[in-house]
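Presented below is the structure to which this report refers.
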Amino acid sequence: MSGYWRKIMDRRQFVLSGGAMLAMSGKKAVAQESFPSRAVRLVVPFTPGGPTDVIARVIGEAMSVKWSVPVIVDNKPGAGTMIGTDAVAKSTPDGHVVGVVITAHVINPAVRDKMPFDAQRDLRGITQLAEAHMVVVANPAFEADDIPGLVRLAKQASQPLAYATPGPATATHMAAELLQKVAEIKMLHVPYNGSANALTDVLAQRVPLMFDVWHSVQQHVQDKTLKVIGVTNATPIPNAPQYKRIAETYPGYEANSMFGLVVPSKTPDQMVKALSRDVSAFVKSPEFAAKAASFGMQPIGSSPAEFDDFIDREIKKWRDIAGSANIRIN
């Protein structure tokens, strides 16, 4: 090769090398860009004011301070939480749109034929924030005081025992269906539109039993106008550990009311890890524990992988229960 062409090739190699170095430095600069780099939207699938919304705002305020960017709570209620979660699933997967999910997130795929998104394919977990305890309660006049007594009555009764819930295909309804399956009994579901009317009828002995969250019935239990028959969670109620869990009679039984955060499935791993690290640290703080306790919740703060595994297990469990009980919502 002549000296002329050698100089040309050397110059070309230098330009290419320089370009590659610039490209690499550009990528490095993007990778090192602080996250989040702008306001984060926290989508809550309920109207403002309820426990889920309040907990979301507590987390939003803490993360706004941590990240030095606004965290905006965006309430998108409707369709059994699916409107809000669908908005998250279809958002840009850059970590700046985060969705709050509850137990409906794992029940909906089990009871609905059509959904606007796939809970397992289109979303990934950030962390399980907390769980709320659920209980079976009865009017004090009810003949049984515990789960073995309830099952005995159900098997002896000429007509199925009636039980109230705040609504069909809710976590409380599914907890009751799970009990019927493991105990091999049949009860009559009386669904209400929320807890208030259901509680009124149980207190008046028009319906003997009710499945509800502990926070909703706690005051009535303390006033002795209701009694606890059993706890549906695998763990004892933190502020009422004296009440026995259904799992003590039927090992493996577990039904709880969960709260967590999700993002679109294509959100990069490093952003998922950053979100989970910061949120989980706050969830495990005394400040969050105190606020959660006021709503009868117990902090969790799981990893993304742990929360994804939990979601997969819960969807499978409730699909089995919904199938055997023929529970469908169209």
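A few notes on this one:
- Cα gyration tensor shape for the range 134-248, rounded if a/c is under 1.5, else prolate or oblate: rounded
- In plain terms, the residue of 150, 275, 42 with the fewest other Cβ atoms within 10 Å comes first and the most crowded comes last, giving 42, 275, 150.
- Counting only residues at least eight positions apart within a chain, or on another chain, the lysines with an alpha carbon under 26 Å from that of residue 224 are 244, 291.
- Approximating the spin labels as points 7 Å out from Cα along Cα→Cβ, the residue 205-to-residue 121 distance works out to 5.4 nm.
- Gyration tensor verdict on the range 74-196 (Cα atoms; rounded if a/c is under 1.5, prolate if a/b is larger than b/c, oblate otherwise): prolate
- Calculated FRET efficiency for the pair residue 79/residue 319, C-beta based, R₀ 30 Å, to 0.05: 0.95
- Taking the DSSP beta bridges with both ends in the range 134-248, the antiparallel portion is around 55 percent.
- Fewest-first ordering of 147, 107 by other beta carbons within 10 Å of each residue's beta carbon gives 147, 107.
- Over the chain, the pair-distance histogram of Cα-Cα distances with 20 Å bins from zero comes to 29, 48, 14, 6, 2, 0 percent, rounded to whole numbers.
- The range 109-176-the range 63-95 distance, computed between alpha-carbon centres (Å): 27
- Selected from 184, 254, 314 as most flexible by GNM, with the chain as the system and alpha-carbon contacts under 10 Å: 184
- Fewest-first sequence of 277, 121 by Cβ atoms within 10 Å of each Cβ: 121, 277
- Of all the options 146, 223, 201, the one that moves most in a Gaussian network model of the chain with Cα springs shorter than 10 angstrom is 223.
- When peptides 128-139, 53-64 are ranked by their average number of other Cβ atoms within 10 Å per residue, the highest-first order is 128-139, 53-64.
Every number in this text was worked out from the coordinates using simple rules, so none of it is lab data. All values reported here derive from a predicted model rather than from experimental measurement. Cβ: placed from backbone, ideal geometry, glycine included. Neighbour counts: every protein chain shown.
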